[in-house]
Amino acid sequence: MAKYGGELVGNHHSIRELRRLVERVAKSPTRTVLIYGETGTGKGQVARMVHELSDRAAHHFMDINCAAIPSNLLESELFGHEKGAFTGAADRKVGLVEAANRGTVFLDEIREIELTTQAKLLSLLDTLHFRRVGSVKSTEVDVRFIATTNKILLSEVTAGHFREDLYYRLQVVAINIPPLRERGDDVLTLAHHFIEKFNQLYKREIRGIEPEARDMFLKYPWPGNVRELENLIERIFILEDDDEILVSHLPDRILRTVRSGARSVPPAEQGGGDYLSQGFHEATAAFQRQMIERALNRCDNNLQDTARLLNISRHSLRHQMIKLGLISA
């Protein structure tokens, strides 16, 4: 999801609803926000927008990529540590939570936090107090936590990878970002925004996209979402000299996908894969699981709404989720 001047680019009804939800959540006093979305949809941009539209905007927005920091260092990054708390702790360190006081802490890919640190995070959310590593003194903070994930956390809870109590603490307000393939003509709207952006950056005057290439843009499922689209446009600016984007500029993966008639590419993080390489029953179960997880995501994990979206009874939905291991009996 690209952001220009504080706005989410796009005219699709899902984006209009997303704008309204982000503004409402930003202005609310809620201390936890959970953002769902596939890789490349712009979860980080939406998180920053929530911060910038809130009364916390004048204070720090401290972001941490939970997947990029080793688990043994993450607790210190979040909460800080005292001098001598562990080998190598030569000085006292203020953590991101304390540095963000009165502002926002952004936890990108929260699923990657190990269970012991999850317990300490839950305590902080409940009490707004924490202790630096190696300290006996409790510190109070006033922060909002925004967390993102590209996984279905309810499934992670069932699998034992995520604490159930932390899940429900975070799930108070959930924001779902739609994948680009579900946003219709927004693909072209975003493409033209990126053309304008890179015209300025690269001092070029690309005027648009030829009709056949536009058709390719609309038919391609964009598994990498908005990030993939932006990267493609920039690549064309770097490598091509024409004054419009042509079909010949598009990489083979787009041409092959569109010409083969493929309309959807299951994202890897949601259990997709090469179904033909699996047995029939395994592939069927994988597809059913993906379908239910995507519906749960869209319906904020409300089983009644999910059943209605899938056009099955709530009882049938629960039966399938138990069968697929999404919930326990």
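Could you give the DSSP H helices of the chain that reach 24 angstrom or more along their long axis (alpha carbon positions) and whose average Kyte-Doolittle hydropathy is no lower than 1.6? Intermediate results must be reported in sequence, preceding the final value.
Numbers: long enough: 280-298 (27 Å, -0.63).
Qualifying helices, which must be both long enough and hydrophobic enough, do not occur.
Dividing the convex hull volume of the Cα atoms of the stretch 158-239 by its residue count, what figure in Å³ per residue is obtained?
On the way: hull volume 12.4 nm³, N = 82.
With only Cα atoms used, the stretch 158-239 gives 151 Å³ per residue.
Please report the relative contact order for the stretch 3-176, taking Cα pairs under 8 Å with a sequence separation of at least 6, and give it as a percent rounded to a whole number. Could the numbers behind the result be given before it?
Numbers: 295 pairs, mean separation 52.1, N = 174.
About 30 percent, as a whole number.
I'd like the FRET efficiency for Thr284 and Asn65, computed as 1/(1 + (r/R0)^6) with the beta carbon distance as r and R0 of 30 Å, rounded to 0.05.
Details: r = 35 Å, r/R0 = 1.18.
Using R0 = 30 Å, I get an efficiency of 0.25.
How many angstrom lie between the Cα centre of the stretch 123-188 and the Cα centre of the stretch 41-73?
First find each Cα centre; the distance between them is then 11 Å.
Roughly how compact is the stretch 1-117, stated as its Cα Rg over 2.2 N^0.38 Å to two decimals? Spell out each step's value before the answer.
Details: Rg = 16.4 Å, N = 117, 2.2 N^0.38 = 13.4 Å.
Taking N as the residue count of the stretch 1-117, the ratio is 1.22.
About the Cα centre of the chain, what is the dipole size in debye to 20, counting +1 per Lys and Arg Cβ and -1 per Asp and Glu Cβ, all else neutral? Present the calculation step by step, with values, prior to reporting the outcome.
Details: 44 positive and 45 negative charges, 203 e Å.
The calculated dipole for the chain is roughly 980 debye.
Which of Lys151, Lys27, Lys137 ends up with the largest GNM mean-square fluctuation for the chain, with Cα atoms connected below 10 Å?
So, out of Lys151, Lys27, Lys137, the one fluctuating most is Lys137.
Between (i) 21.1, 64; (ii) 18.6, 58; (iii) 22.0, 66, which matches Rg and Dmax of the Cα atoms in Å calculated for the structure shown?
(iii)
For a 32 Å ceiling on Cα separation, which of these pairs sit above it: Lys43/Lys197; Lys120/Lys197; Lys27/Lys203; Lys27/Lys219; Lys43/Lys137; Lys27/Lys120? Could you put the intermediate results ahead of the total?
Values: Lys43/Lys197 20 Å; Lys120/Lys197 42 Å; Lys27/Lys203 39 Å; Lys27/Lys219 37 Å; Lys43/Lys137 35 Å; Lys27/Lys120 27 Å.
Where the Cα-Cα span goes over 32 Å, the pairs concerned are Lys120/Lys197; Lys27/Lys203; Lys27/Lys219; Lys43/Lys137.
Per DSSP helix of 4 or more residues, -39500 (n - 2.57); summed, then divided by the residues of the chain. What does that give at 222 nm, rounded to the nearest 500? Walk me through the numbers before you get to the answer.
Details: 14 runs with 150 residues, N = 329.
After summing the helix terms and dividing by residue count, I get -13500 deg cm²/dmol.
With the dipole of the stretch 90-143 worked out from charges on the C-beta (+1 for Lys and Arg, -1 for Asp and Glu) around the Cα centre, which of Phe106, Leu121, Ser135 lies farthest toward the positive end?
Of the listed residues, the answer is Ser135.
Calculate, for Glu17 and Arg204, the FRET efficiency according to 1/(1 + (r/R0)^6) with r their C-beta to C-beta distance and R0 25 Å; round to the nearest 0.05.
Working: r = 35 Å, r/R0 = 1.38.
About 0.15, to the nearest 0.05.
In the chain, if the dipole is taken from +1 on Lys/Arg beta carbons and -1 on Asp/Glu beta carbons about the Cα centre, which of Ala286, Ile245, Leu324 is farthest to the positive end?
Leu324
Compare Ser155, Ser138, Ser54 in a GNM of the chain, Cα atoms joined below 10 Å, and give the one with the largest fluctuation.
Ser138
Bear in mind that the values in this text are calculations on the coordinates, not laboratory data. Because the structure is predicted, anything quoted here is derived from the model rather than measured. Please note: Cβ atoms are built from the backbone with ideal geometry, for glycine as well, and neighbour counts cover all protein chains shown.
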